[in-house]
Amino acid sequence: MCGIIGATGDEGVLALLLDGLERLEYRGYDSAGVALDYGHDLYRARAATGTGSLADLRKVVENVPAGVTAGIGHTRWATHGHPTETNAHPHLDCSGKVAVVHNGIIENWRELAAKLRETGHVLASDTDTEVFAHLVEEEMASGSSLANAVRSSLREVRGAFALAVIAASEPGTIVAARRVSPLVVGMGDGDNPMGLLASDIPALLGHTRRFWVLDDDQVVELRPGQMRVTTLAGKVVEPTELQVDWDIEAAEKGGYPDFMGKEIHEQPRAVADTLLGRLLADDTIGLDELRITPDDLRDIDKVFIVACGSSYHAGLVAKYAIERWARLPTEIDIASEFRYRDPVLDERTLVVGVSQSGETIDTLQAMSEARQWNAKVLVISNVVDSSMARVADGVLYTHAGPEVGVASTKTHLSQIVALELLALYLAQLRGTLPAADARRLFGKLEELPALIETVLAREDDVAAVAGQFTKTRDFFFLGRHVGFPVALEGALKLKELSYLRAEGYPAGELKHGPIALIEPGAVVVAVATRTRLWEKMMSNIAEVRSRGATVLLVANDGDEETAAEADAVLWVPETEPLFAPVVDVVPLQLFAYHLAALHGLDVDRPRNLAKTVTVE
Ligand code: AGP
């Protein structure tokens, strides 16, 4: 799981690669590297110093001579081989005349490496990627062009990947391809435009707004001002063009010290944009873009939600909403489990993949599995034309804008909102939602951005509360009903940002074991807003207080009865109980964000994580 980038052109290639790599660092930052084509000669530079890799790479290439005709770059999240400089991309063939960058996994690399060694190749790294450079070397040695060599080599590899290759013998040319892993290509502006490629669109936004998205097993040949896409067999194909209107500013920090802070504050906008145009004047929901027909959806008798991490937590909220309003049995599964447990699916099952990136391999594969059983497959994604959007029968986009911080915030809230819309839409189609209820609920949905603003305006109070817990190493997060996914999400945010132990539990489950861990000094964070099981929640809080726990509660504004049971309170405005997660999770995001800052940690790039997980 890595980011790749490439550019061909007369000037500016190196600067473009380095800037693009900075935008791709959310995909991993164990190492960074570039290979530059000087016309019949390649130069490679790499650095593997974790979060400092790109800064160090910039120093290494500071004084390289002009005259670069093409280049490829890479930012790595290590899978095969330790995160060392030797294993950093780009990888070279034996002669140093072919360079490759790669995102994904070449599954049969061991067997290929063994064969290559038998024929005299010397492999310098422990990576799966390097075999590809040597395969291309072999093909080119027998007279193939770079493009033909890449196409032939691709026929030998199995797995999921996006890769880009340059060769000293073909100055100014990059050949790239994808299978499952993401890759976009573009053309710069001007008379002799640069040919561009990257793992995602924001990496290239400063240079073009016109992109082409490659299908699996398509190969692109890029030269300045020229682009040709072919199949593996070499047949020329017309790729799908995409015009992007994102502002590059939107992908930058906008005055905040980090992306996460900015993205937390963009949540009211993200929620409002996700609702935009979908609540219609006649008190119905309009989701015309779904691509699955109303008749097909009316026919559904069961829903499965599959997702990972924060997207899974959003899915948990949706289970309550779909069962409550649409009266459809709804199961939710962690995507990496779903695929391997023989789920019972048929053409009347709706499988909903939830993924901000639309690229998470577990969710992508779960959706492919569902299609094999003829289930209707829908994806809720934040990225237009992502791999999942292409696999699914239908797409419901969240409109959160690009999220760069590794920890999901605005995309998580937008996912919950999109899923609530889906629940109400299914209810509308099935006739289980009276018009008066719809009207009332739409009004509550429209209030959500303002309620989130209210919580954000209290950021200093949350920071002060976080300051009381700088010595705490273990947290228990408790919730019931839709407060349970909020507790899980609050715990996940704390874990990934602050590296503190934080476990989320359904509060009713506490007495079945975990309560043994409660002793004086334990810290319990509980979601105690006035949702359906508030009274029972308060009993659970009493149980932990009587055993000496310090209690931090998320409570509704003015609810002194709840506050009386707390050592500290995070206040939130009240809303419709099933929409409460959209509001209640916000102070927990801020709590984790400020606690991480107090511990001096980099909230945008937590250790060991990557924004998009494209390996199993
Ligand atoms: C959340 O903060 C994490 N970054 C992670 O759990 C994430 O939600 C998960 O990897 C799923 O990603 P996706 O939504 O892009 O599929």
When region 83-116 is examined, which residues are found to be modelled with pLDDT of 90 or more, under 17 Å from Glu156 (Cα atoms) and assigned to a loop (DSSP other than H, G, I, E, B)?
Asp93, Asn108
How many of the residues making up region 459-474 are farther than 15 Å from Ala597 by Cβ, touching a strand residue (DSSP E or B) at 6+ places or on another chain (Cβ under 7 Å) and surrounded by fewer than 16 Cβ atoms within 10 Å (Cβ to Cβ)?
2
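Quick grid of which residues meet (1) of a type outside the set (S, T, N, Q); (2) outside the structural domain of Met194 (by TED's automatic domain parsing); (3) assigned to a loop (DSSP other than H, G, I, E, B):
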position	(1), (2), (3)
Ala35	yes, no, no
Asn63	no, no, yes
Gly71	yes, no, no
Gly81	yes, no, yes
Within region 577-616, take every residue that is acidic (Asp, Glu) and more than 17 Å from the chain's Cα centre (by Cα) and give me the one that is nearest to the ligand (Cβ to nearest atom).
Asp602
Among (1) part of a loop (DSSP other than H, G, I, E, B); (2) without any contact (Cβ under 8 Å) to a residue 60 or more places away in the chain; (3) of a type outside the set (A, V, I, L, M); (4) crowded, with 17+ Cβ neighbours inside 10 Å, Asp56 falls short only on (1)
Exclusive hit being among the hydrophobic types (A, V, I, L, M, F, W, C), crowded, with 22+ Cβ neighbours inside 10 Å, more than 16 Å from the ligand (Cβ to nearest atom) and not assigned by TED's automatic domain parsing to the domain that holds Met538, set Ala427, Ala418
Ala427
If Gly600 satisfies all but one of (1) outside any helix (DSSP H, G or I); (2) within 19 Å of Ala463 (Cβ to Cβ); (3) of a type outside the set (S, T, N, Q); (4) touching a residue at least 12 places away in the same chain (Cβ under 8 Å), what's the number of the condition it fails?
(4)
Would it be correct to say that Val351 is within 16 Å of the ligand (Cβ to nearest atom), β-branched (Val, Ile, Thr) and either at pLDDT below 95 or over 17 Å from Leu419 (Cα atoms) (or both)?
no
Within region 308-322, can one find any residue that is more than 16 Å from the ligand (Cβ to nearest atom), of a type in the set (D, E, K, R) and modelled with pLDDT of 95 or more?
yes
Looking at region 265-319 only, could you name the residues that are assigned to a loop (DSSP other than H, G, I, E, B) and free of Cβ contacts under 8 Å to residues at least 60 places away in the same chain?
Gly277, Leu280, Ala281, Asp282, Gly286, Thr293, Asp299, Asp301
Name the residue, out of Gly277, Gly261, Gly286, that is at positive phi and either of a type in the set (Gly, Ala, Ser) or under 27 Å from the mean Cα position of the chain (by Cα) (or both).
Gly277
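The values are calculated or read from the model by the stated rules, or taken from the named source; none is laboratory data. Please read all numbers here as calculations on a predicted model, not as lab measurements. Virtual Cβ from ideal backbone geometry, glycine too; neighbours counted across all protein chains shown.
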